[in-house]
Amino acid sequence: MTQRPAPTGPLSGVRILDLTSVILGPYATQILADFGADVIKVEQPTGDIMRHVGPMRSKAMGHIYLNLNRNKRSIALDLKQRPARDALRKLAATADVFVTNVRPAAMARLGLGYEDIRSINPRIVYASATGFGAGGRYAGKPAYDDLIQGLSGIAAIARDAWGGEPRYMPLAIADRTVGLYLANAISAALFHRERTGEGQAIEIPMFEVFVEYLLGDHLSGLTFDPPEGPHYYPRLVSKHRKPYATKDGYVCALVYTDTHWRSFFRAIDREDLLQDPRFSTHGGRADHIDEVYAFVADTLKTRTTAEWLALLEAADIPAAPLHDIASLLDDPHLNDAGFFRFVDHPTEGRLRMTQVPGTWSASQPAVRSLPPSLGEHSTEVLREAGLSEAEIASALAAGSAA
């Protein structure tokens, strides 16, 4: 067990019991841990399922787990066993936040629902990440990122924008989006408690949160009743909205405002197009977005990437090179900012780690500790909660890591 630096950040002094697993919940609680909260990750004896997704160097220390669980302490409890549940209740008495993505009915059967925890700690913020809101017919159904991407419409949007079959985004976009929302909701509930002294239960449903996220762009004409046009924001689903091919590669560019377009046409010696109604106004460009983007695509094929980046920068038009994952790690801005660093993990050796994004003038978040091994802090945390050595031994006896 390594010595942990003193907490820093705006949530220093807040204790969170984290009963989440996979991506959504651990991402939310890692944000809160980065912000200074003491996050106690409560795992089943086999550990968070993401521990077991390779590549990895050591058993139960997979790469996704390592990137979702820094600044946390791990305890392993078999919550099907009464001594383990009793231990968790004692921990709950010391906590500010109890967060879970276990289905509410299952938590209630364990005697760990909101009313159960509230009876121990009335000031608790009890946060449940669910697949679907309690008021609808899908309530209680399981949900994963792929299901939410399909059900929310994003897989169909990808089909309509790119052609071919419906497809999922190649990242856990629903999990991570809703995880951000969950972290915000917990922070807001803590602020409410500071103002009023009142704890509460909050439920954050994946489906509803992600649908709101998507429809902000794509409800479009269906915003109005009766409708004032079809759905989708046309610019975002244009088949030409993609990195532009150049003579020797690709460039990412967005010629967007009237100022951008005037500068662009001057740079390519096509100021005559400022009189073309398809290009002369924002509304005209929006109505002819496929033609507009096709024109840019054809134009950018005429020079090299380096030439376009220099020209567009001189014209003050937003542009950037196209990265892949390998080149992203060498991005000069990220390296200037010290965004990546190498650390020596006590069991996993040398690891590449990202820093907490952003700067704070008074309460800077920080990476204080590296992702823990399964149950690394079980005894330490239970002692802090006031359990006797006999109670600790009983709580950990059912196959839990100590």
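Structure data summary
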quantity: Among PRO372, ALA385, TYR293 - extreme Cα towards positive end, dipole of segment 261-402, charges at beta-carbon; calculated: TYR293
quantity: Reciprocal mean inverse distance between Cα atoms of segment 1-137 - Kirkwood radius, Å; calculated: 15.6
quantity: Förster radius 60 Å - calculated FRET efficiency between LYS301 and ARG123, Cβ distance, rounded to 0.05; calculated: 0.45
quantity: Distance histogram for segment 128-270 (every C-alpha pair counted, 5 angstrom bins, percent rounded to whole numbers); calculated: 2, 8, 12, 14, 15, 14, 12, 9, 7, 4, 2, 1, 0, 0
quantity: Nearest-0.05 FRET efficiency for SER388 and ALA156, computed from C-beta distance (R0 60 Å); calculated: 0.60
quantity: Beta bridges per DSSP with both ends in the chain, % antiparallel, nearest 5; calculated: 30
quantity: Segment LYS247-ALA6, extension gain: residue separation times 0.36 nm, minus the distance between their alpha carbons; calculated: 81.4 nm
quantity: Partners for LYS239 among lysines (Cα-Cα distance below 30 Å; same-chain residues under 8 apart left out); calculated: LYS247, LYS301
quantity: Förster radius 41 Å - calculated FRET efficiency between MET56 and TYR233 (Cβ-Cβ, nearest 0.05); calculated: 0.50
quantity: LYS239 accessible area, assembled protein chains, probe 1.4 Å, Å²; calculated: 130
quantity: Charge-dipole axis of segment 3-120 as Lys and Arg at +1 and Asp and Glu at -1 on Cβ define it, positive-most pick from PRO104, VAL22, SER119; calculated: VAL22
quantity: Length added when fully stretched, ALA267-LEU254, from 0.36 nm per residue minus Cα-Cα; calculated: 3.2 nm
quantity: The chain, relative contact order [Cα under 8 Å, separation at least 6], %; calculated: 22
quantity: 10 Å binning of all Cα-Cα separations within the chain, expressed as whole percents from 0 upward; calculated: 4, 18, 25, 22, 16, 9, 4, 1, 0
quantity: Lys/Arg +1, Asp/Glu -1 at C-beta; the chain dipole; positive extreme among TYR233, SER58, ALA326; calculated: SER58
quantity: Lysine pairs in segment 41-169 with Cα atoms under 25 Å, if 8 or more residues apart or on separate chains; calculated: 11
quantity: Test item: Cα-centred dipole of the chain, Lys/Arg +1 and Asp/Glu -1 on Cβ, debye; calculated: 1180
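The values are calculated or read from the model by the stated rules, or taken from the named source; none is laboratory data. Bear in mind the structure is a predicted one, so any value in this text is a computation, not a measurement. In this analysis, Cβ positions are derived from the backbone assuming ideal geometry, glycine residues included, and neighbour counts consider all displayed protein chains. Only protein heavy atoms, including side chains, enter the accessible area calculation; ligands, DNA and RNA are left aside. Shrake-Rupley method; radii C 1.70, N 1.55, O 1.52, S 1.80 Å.
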